[in-house]
1. For 346, 73, what ranking results if the residue with the fewest other Cβ atoms within 10 Å of its Cβ goes first?
2. Report the full-extension gain for the segment residue 329 to residue 285: residue separation times 0.36 nm, less the Cα-Cα distance, to one decimal in nm.
3. Extension gain residue 67-residue 84, at 0.36 nm per residue separation less the Cα-Cα distance, in nm?
4. Where q = 0.12 Å⁻¹, what log10 of I(q)/I(0) comes from the Debye formula for region 48-330, counting one point per Cα?
5. Which value in nm describes the separation of the simple spin-label points at residue 200 and residue 126, placed 7 Å from the Cα toward the beta carbon?
6. Give the order of 273, 57, 300 when sorted by the count of other beta carbons within 10 angstrom, beginning with the fewest.
7. What FRET efficiency do you get for residue 116 and residue 322 if R0 is 30 Å and r is their Cβ-Cβ distance, rounded to the nearest 0.05?
8. So what are the three principal axis dimensions of region 132-228 from its Cα atoms, in whole Å, longest to shortest?
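No lab work stands behind these numbers, since they all come straight from the coordinates. The structure presented is a predicted model; accordingly, all values stated were derived computationally and were not measured. Here the Cβ is made from the backbone with ideal geometry for all residues, glycine too, and neighbour counts use every protein chain on show.
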């Protein structure tokens, strides 16, 4: 007769079947523990305030959107043309600036809260606002596409907020770009005006020098009694005429010298005699009077329309219900096993 090996048995060893039987015997305890947890999960899923998420995506503007900003720039103007990246970076900085966030927090977020909610700490409220409205790159591989996201209980308000916040940032960025552009235009006009004043001063000095030279030549002409230019042979005419502009200026005679001196002294402005002056003056007027139409300038391009969210992102009801059931049943089973083990040991 073959002896079957006996499996050792200890009082504290509980087989799987015994565990199941123990749980079944203590099903009332299991239910008492599991029911509140499952009920709490269901209640939270049903009663928790839903949170809706609205997104607005922005991308760099087109070259046509910033065309007006480059009037008077590029070429030989000395002002570099503004690029799409430079203008768009200004908008991104405004989107993430504390100035814009504080203004939106003060003018839009706080008025949306109840009187009781506004009584809390301002720092705490601002921290909550930081979770409600965010700005971040849209996707890991995107360096230019950004998303403005609002997460609140009212889907319509969420959609309005992302539009309003981006509009506030765009207004700030556009004003900064226009102010910077205007400042550069004024600096350019001032520099040109300085060049003009320098050219005028130089022309005036040259005229004064010319008067001095003519007066000295007049003294020489008078000293030798030369009233009119001497008659010069055909062969020497060209050479002597050229020399009359230098050391032989006196040979023009006293009448010609006195007439030119009188004319130079009586001259009220040297502007007609300054080469390139008129184009410079026109450029000064252009830069000083240049006015851009802000409505024709865009600092961003919106990617698609803002869709009204129809499903809440939080709470995830199905996940909460499943977790509450799993955790409730697990906790109930553990409680039942512990109760059954305790009862059996007392009876042993």
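1. 346, 73
2. This chain segment gains 7.5 nm when fully extended.
3. Result for the pair: 5.2 nm of gain on full extension.
4. After summing over all Cα pairs, the log10 values are -0.91.
5. 5.2 nm
6. 273, 57, 300
7. 0.30
8. 106, 28, 18
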